[in-house]
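Everything on this sheet refers to the single structure shown next.
The values are calculated or read from the model by the stated rules, or taken from the named source; none is laboratory data. Here the structure is a predicted model, which means the values were calculated and not measured. Every residue, glycine as well, gets a Cβ built from its backbone with ideal geometry; the counts of neighbours run over all protein chains shown. Only protein heavy atoms, including side chains, enter the accessible area calculation; ligands, DNA and RNA are left aside. Shrake-Rupley method; radii C 1.70, N 1.55, O 1.52, S 1.80 Å.
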Protein chains: 2
Amino acid sequence: MFSKACEYGIRASIFIALNSFEGRRVSPKEIAAEIDSPQAFTAKILQALVRHNVIQSVKGAYGGFEIDKNRIKDIKLSDIVDAIDGDNIYKGCGLGLKACDEDRPCPMHDKFKVVREELKTMLESTNLEDLALDIKEGDTFLRR
Amino acid sequence: MFSKACEYGIRASIFIALNSFEGRRVSPKEIAAEIDSPQAFTAKILQALVRHNVIQSVKGAYGGFEIDKNRIKDIKLSDIVDAIDGDNIYKGCGLGLKACDEDRPCPMHDKFKVVREELKTMLESTNLEDLALDIKEGDTFLRR
DNA sequence: TTTAATTCGGATAATTTTATCCTATTTTAT
DNA sequence: ATAAAATAGGATAAAATTATCCGAATTAAA
Ligand code: FES
Ligand code: FES
């Protein structure tokens, strides 16, 4: 469904949010260890998320990645997916036609559109706060 | 959402079904031209679909690809996706954990599961006959 | 001001996916 | 039998994704 980069990006964002609640910055090393991802590759993804303004970075000693505590609840899954995988999964044709076009639809269009919309709604209505809180409660996990 | 191979595979299967209604076999060349896909790559995908028993091939002169006319309505989109992309999209964890596990779910699990199930239901309840008939009526298109 | 701890960014490598090419094999018609 | 028309399948190649490495730039503390 999502690219590896996007999966790592979401898991990383949740872990950063979790720590930002406590006012703690985290390093790519710590993040990769926690979410079980390749460290250098994860670092690249974090850079992309910074560029897209999803997370913030602080350089130098005592630096690391963080998310403004007050904005955690405003960051939606769709922001992360958009930043890394782009909008094809929301807007693209399920059969790979150049664009999804109501006026000249592919055979899967009517049925696919429903699923695509549901995915969109789900990603747009899920924020980092919700996800991080579940982890804190021990109900969900970032690795296995 | 799906791989290129899978997109081509679905489009090809629909076109083959359309022709099999008329008792006509089609070649990879004709298929690729019709669905706007690379011919040799498409041929490989057709071979895979034959191996998975989704379509049939007849070698030699006057040969080509076809689908048993009586089985067109029994072939579901999920059969094609399964054959080419496997079952990860139905069964896998949305955040890329090794497997989706109810007992140790990822933070996205509850919400992702709903979308994944809807996709599964959609693919399992859509058959090649429905898709091919819409094209015949001129309501939908395989290329653009 | 120096040092240590960091992120940033470029270069490169490995792997997977997508794509092409060529030959072998099969089958029908002549 | 032979020739022609097809699919099958192996060997590569190209492109995209995933992954690693290393030095440059930045920042805070000592
Ligand atoms: S045209 Fe294919 S999904 Fe809309
Ligand atoms: S555990 Fe991630 S989707 Fe079920």
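Over the range A:37-110, what portion of Cα pair distances is larger than 21 Å, expressed as a whole percent? Could you put the intermediate results ahead of the total?
Details: 1254 of 2701 pairs.
In whole percent, the long-distance tail amounts to 46.
Which of rounded, prolate, oblate describes the protein assembly as shown, given a ≥ b ≥ c as roots of the alpha-carbon gyration tensor eigenvalues and a/c under 1.5 marking rounded, otherwise prolate only if a/b is larger than b/c?
Numbers: a/c = 2.56, a/b = 2.51, b/c = 1.02.
In terms of gyration-tensor shape, prolate.
Please compute the net charge surrounding A:Leu131, taking Lys and Arg as +1 and Asp and Glu as -1 over other residues with Cβ under 12 Å from its Cβ. Please report the intermediate quantities before stating the final value.
Working: positive: A:Arg11, A:Lys73, A:Lys76, A:Lys136, B:Lys111; negative: A:Glu129, A:Asp130, A:Asp134, A:Glu137, A:Asp139, B:Asp110.
Result for the neighbourhood of A:Leu131: -1.
List the residue from chain A whose beta-carbon is nearest to the axis that rotates chain A onto chain B, together with that distance in whole Å.
For chain A, the closest residue to the axis carrying it onto B is A:Glu118, 3.
Apply the Karplus parameterisation 6.51 cos²θ - 1.76 cosθ + 1.60, with θ equal to phi minus 60°, to every residue of the range B:55-71 and state each ³J(HN,Hα) to the nearest whole Hz, in sequence, with x for glycine and proline.
Coupling constants for the range B:55-71: 10, 10, 10, 10, 6, x, 3, 6, x, x, 9, 8, 10, 3, 3, 6, 9 Hz.
Over 29 Å between Cα atoms, which of A:Lys76/B:Lys73; A:Lys44/A:Lys113; B:Lys69/B:Lys120; A:Lys4/B:Lys69; A:Lys76/B:Lys113; A:Lys91/B:Lys91 qualify? Show your work: numbers first, answer last.
Values: A:Lys76/B:Lys73 41 Å; A:Lys44/A:Lys113 32 Å; B:Lys69/B:Lys120 25 Å; A:Lys4/B:Lys69 40 Å; A:Lys76/B:Lys113 18 Å; A:Lys91/B:Lys91 23 Å.
Cα-Cα > 29 Å for A:Lys76/B:Lys73; A:Lys44/A:Lys113; A:Lys4/B:Lys69; rest within.
Cβ neighbours within 10 Å, averaged per peptide: list A:13-21, A:33-41, B:103-111 in order, most packed at the top.
Put in order of decreasing packing, that is A:13-21, B:103-111, A:33-41.
For B:Val58, which inter-copy label distances result when the label point lies 7 Å beyond Cα on the Cα-to-Cβ vector, reported in nm to one decimal and in ascending order?
7.3
Over what distance in Å are the Cα centres of the range B:48-82 and the range A:90-114 separated?
Distance between centres, Cα-based: 24 Å.
Mind listing P(r) for chain B? All alpha-carbon pairs, 5 Å bins, whole percents.
2, 10, 18, 20, 18, 12, 8, 7, 4, 2, 0, 0
Can you list the copy-to-copy distances for B:Glu118, using a point 7 angstrom from Cα toward Cβ, in nanometres, shortest first?
Label point to label point, same position, other copies: 0.5 nm.
Please average, across the residues of B:93-100, the number of beta carbons from any other chain that are within 10 Å of each residue's own beta carbon, and give a whole number.
6
If you take the charge dipole of the range B:86-144 about its Cα centre, with +1 on Lys and Arg Cβ and -1 on Asp and Glu Cβ, which of B:Ile135, B:Val115, B:Cys100 is farthest toward its positive end?
Working it through, the farthest residue towards the positive pole turns out to be B:Cys100.
What is the average number of partner chain Cβ atoms found within 10 Å of a Cβ in A:110-117?
If you average over the peptide's residues, the count of other-chain Cβ atoms is 4.
Rounded to the nearest 20 Debye, what is the dipole magnitude of the protein assembly as shown about its Cα centre when Lys and Arg each give +1 and Asp and Glu each give -1 at the C-beta? Don't skip to the answer; put the middle values down first.
Working: 44 positive and 48 negative charges, 215 e Å.
Computed charge dipole of the protein assembly as shown: roughly 1040 debye.
Please report the net charge: other residues with Cβ closer than 15 Å to the Cβ of B:Lys120, K and R +1, D and E -1.
Net charge around B:Lys120: -2.
With every protein chain kept in place and ligands, DNA and RNA left out, what is the accessible area per residue of the range A:10-125? Probe 1.4 Å, answer in Å². List each step's numbers first, then the result.
Details: 5750 Å² over 116 residues.
Ligands and nucleic acids excluded, the result is 50 Å² per residue.
For B:Lys98, go through the aspartates and glutamates and keep the ones whose alpha-carbon is under 14 Å away, minus same-chain ones fewer than eight residues off.
By straight Cα distance, B:Lys98 reaches A:Glu7, A:Asp36, B:Asp87.
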